[in-house]
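Take a look at the structure below.
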Amino acid sequence: MEPFHIVKDATNFTVIETSISTRGFAGKKASGKETEKIVGYYSNFKNALNRIAKEKFYQNQGEYSSIQEYIETWSKVKDGIEIMLNKVEL
C-alpha cells in the first residue's frame with residue numbers, strides 16, 4: 001500500500017499519503033524531509049481501502065489504447081481489493 005497507510009481513531013479511518021519533500025523553501029533544494037498528507041476520512045475500513053486503490057490506480061502514468069483497456073485495469077484493482085477484504089471478512 002506504500003506510500004499510503006490507514007490510521008483509525010474513535011470515529012473514523014484516515015487515509016494518509018507519505019512522501020519525501022523534493023522542493024525546499026524559495027526554490028532551494030529540499031532536505032528530504034518526510035511529509036504526510038491526509039487524503040480523506042472514511043467511516044469504514046472498506047471505503048478507506050477503496051480510496052487507496054483509486055489513488056494507486058491514478059498514480060499509474062501508463063497510457064491506455066482504449067476505454068476497454070482502462071476499464072479492465074480498474075476492474076483488476078477492484079477485484080484485488082475485494083479479495084483482500086474477503087480474506088479479513090469485512
Taking 0.36 nm per residue of separation between Asn12 and Asn44 and subtracting their Cα-Cα distance, the length gained on full extension comes to 10.9 nm
Rounded FRET efficiency, nearest 0.05, which uses the C-beta distance separating Ser75 from Ser21 and R0 of 22 Å:
0.05
Which of the residue pairs Lys46/Lys78; Lys56/Lys78; Lys37/Lys87; Lys46/Lys76 have a Cα-Cα distance greater than 21 Å in the structure shown?
Lys37/Lys87
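Quick note: the coordinates plus some simple rules give every number you see, no bench work behind them. All figures in this text were calculated on a predicted structure; none of them were measured in a lab. With ideal geometry, Cβ positions are generated from the backbone for all residues, glycine too; neighbour counts draw on all protein chains shown.
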